[in-house]
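Have a look at the structure below, then the notes.
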Amino acid sequence: MSEAVHTPRVFSGIQPSGNLTLGNYLGALKRFAEAQENGIESIYCMVDLHAITVWQDPAKLANATRELCAGFIASGLDPKKSILFNQSQVPEHTQMAWIFNCVARMGWMQRMTQFKDKAGKNAQNASLGLFAYPALMAADILTYHATHVPVGEDQKQHIELTRDIAIKFNNDYGVEFFPVTAPVIEGAATRVMSLRDGSKKMSKSDPSDMSRINLTDDADTIAKKIRKAKTDPEPLPESVDGLEERPEARNLVNIYAALSDRTVAQVMDEMGGKPFSEFKPMLADLAVEKLAPISSEMSRLMQDPAEIDRILADGAQRARAIATPILQETYRIVGMVGA
Ligand code: TYM
């Protein structure tokens, strides 16, 4: 229903909760930059309020937020073409999140695998914010009536929850107000895996730094991490089918494909049958070639934090211009006096 009446608008967010990884780059940032040229209004948010659902040192959080903004720009996002801002500067997100806390059901939230993973065995000791996290994420998206959300595979369940919240709100209040947002999960690297364990996602919170490539790693570190990446002893298979039962090999091929803007099949045509002793150095060279310019541009941008703060403040102002009327209308629909 609503997809037809809403003009296309892209929204996505990244947590400033540590180093950006190759997973964030291939699953999110690189794809945001590619989509920038399609003319659709795009809004990208550094979700600092989401980050504090687990403990963050305040000075590190502020630095990580600026570094994340530098990462967006260094990956090709133009703050004039896209709106870049940090979540806490637009209070409409948390105002909308409260409404959605009252729409979402306990049972829906209890099914969220990210909460289960992050809370671990000690769920009683997790913050209430960590549990409510997906309702704030729905608010991020729906406060802009965003129709498309580019994300990695791991965020799919949260986008489905966002759709459930939009549908329930529209039904409960008898309106066609919120769009039913589509996740956009595309490309060869929507799930980049750990370099130490092909069954685990590459993550900024993994205790082992060898498990991930950080966008701030230097060339030697990137090369070392790829050289030491866990693999099986067999050479690469001859075709895509042969990657099926070989998660580590598949991960490295996926990364190669995404970094070189080719399909997995094209990469296998060229690399099929090569031993890892040959493939890994090629992958390391490619990764360094693509990531080194991003890393050096990030450090250049970080020399001028005041300029980053200015970009975030400008983005926040433009974001609020969209968010304020949508929140006002939501309040009016819900029956808040004065809205
Ligand atoms: P976050 O900060 O964990 O990750 C940011 C983006 O990077 C993608 N990603 C990956 N993609 C492929 N392989 C990986 N190993 C990998 N690791 C991370 C994520 O899928 C994501 O697209 N809850 C979100 C942040 C968020 C958000 C939003 C996203 C808050 N509000 C609204 C979209 C719309 C998160 O924690 O992402």
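Assorted remarks:
- Structure note, pairs K81/K228; K230/K290; K30/K230; K60/K200: Cα-Cα distances above 32 angstrom occur for K81/K228.
- Bins of 5 Å, starting at 0 and running to the largest distance - Cα pair percent for the stretch 209-300: 2, 14, 25, 24, 17, 10, 4, 2, 0
- Contour minus Cα-Cα distance for N125 and D309 (0.36 nm per residue): 62.8 nm
- Mean separation of Cα pairs under 8 Å and 6 or more residues apart, divided by the residue count, gives the stretch 1-143 a relative contact order of 28 percent.
- Length gained on full extension, L61 to E234: 58.0 nm, using 0.36 nm per residue less the C-alpha separation.
- Charge tally in the Cβ shell below 12 Å around T94, where Lys, Arg are +1 and Asp, Glu are -1, T94 excluded: -3
- FRET efficiency, 1/(1 + (r/R0)^6) with R0 45 Å, evaluated for D78 and K274 via beta carbons: 0.75
- Sorted peptide list for 290-302, 243-255, criterion being average Cβ within 10 angstrom, highest first: 243-255, 290-302
- Cα gyration tensor, the stretch 64-188 - rounded (a/c under 1.5), prolate or oblate: oblate
- Simple spin-label estimate for V5 and S296 gives 5.3 nm between the two label positions (7 Å along the Cα-to-Cβ direction from each Cα).
- A helix-only calculation puts the chain at -16000 deg cm²/dmol for mean residue ellipticity at 222 nm, using -39500 (n - 2.57) for each DSSP H run of at least four residues, averaged over all residues.
- Cα-Cα P(r), the chain, percent of pairs per 10 Å interval: 5, 24, 32, 24, 11, 3, 0
- From the alpha carbon centroid of the stretch 232-260 to that of the stretch 278-326 is 29 Å.
- All other residues whose Cβ lies under 10 angstrom from that of T190 are scored, Lys and Arg at +1 and Asp and Glu at -1, for a net of 0.
- Dipole magnitude for the chain: computed about the Cα centre from +1 point charges on Lys and Arg Cβ and -1 point charges on Asp and Glu Cβ, it is near 800 debye.
- In terms of the mean number of neighbouring beta-carbon atoms within 10 Å, the peptides 158-165, 98-105, 115-122, 63-70 order highest first as 63-70, 158-165, 98-105, 115-122.
- Extension gain from D218 to Q266, taking 0.36 nm per residue of separation minus the Cα-Cα distance: 14.4 nm
- P(r) tail for the stretch 146-204: Cα pairs beyond 17 Å make up 50% of the total.
Every number here is computed from the coordinates shown, using simple stated rules; none is lab data. None of the values given here were measured: they were computed from a predicted structure. Note that we place each Cβ from the backbone using ideal geometry, even for glycine, and neighbour counts take in every protein chain shown.
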